[in-house]
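Presented below is the structure to which this report refers.
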Amino acid sequence: MPFWDLQKQLGIDLDKWMLRQSMKQPYGRAANCHAFEREWVECGHGLGQTRARRECEPEYEDFMECMHRTKLIKRMQTILAQRDKMIKEGKYTPPDYHKGKEESRP
């Protein structure tokens, strides 16, 4: 605990941007990526900043993937590109309900 808490006196919270999943959530539910953030924070607790960056890199990457979904988006783009390539070559025809046509109803 600091001797003179400047953040509290000025009414600002500089740590809020970093731990946004751990903040109090509406309706009392945990945020989607709360577990990943908690793992990252627990891993780096008590370590120096340099050592924590090196040792807690997998936890940080998991947390960032949960927040931004970059790997998921890249994987989906690859799948859609492969599908389009197969359609162009004539090896795959999507079903009617993927083309925007309604299914026949009984």
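Values quoted throughout were computed directly from the atomic coordinates according to the rules given, and no laboratory measurement underlies them. Just so it is clear, the model here is predicted, and its values are computed rather than measured. Note that we place each Cβ from the backbone using ideal geometry, even for glycine, and neighbour counts take in every protein chain shown.
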Can you bin the stretch 35-103 into rounded, prolate or oblate? Criterion: square roots of the alpha carbon gyration tensor eigenvalues sorted a ≥ b ≥ c, rounded for a/c under 1.5, prolate for a/b above b/c, oblate for the rest.
prolate
Among the GluC sites (Glu not before Pro) in the stretch 45-106, which ones are in a DSSP loop with at most 15 other Cβ atoms within 10 Å of the Cβ? Mind listing them?
Glu102, Glu103
Kindly provide the chymotrypsin sites (Phe, Trp or Tyr not before Pro) of the stretch 63-99 that DSSP labels as loop, not H, G, I, E or B, and whose Cβ sees at most 15 other Cβ atoms within 10 Å.
Tyr92
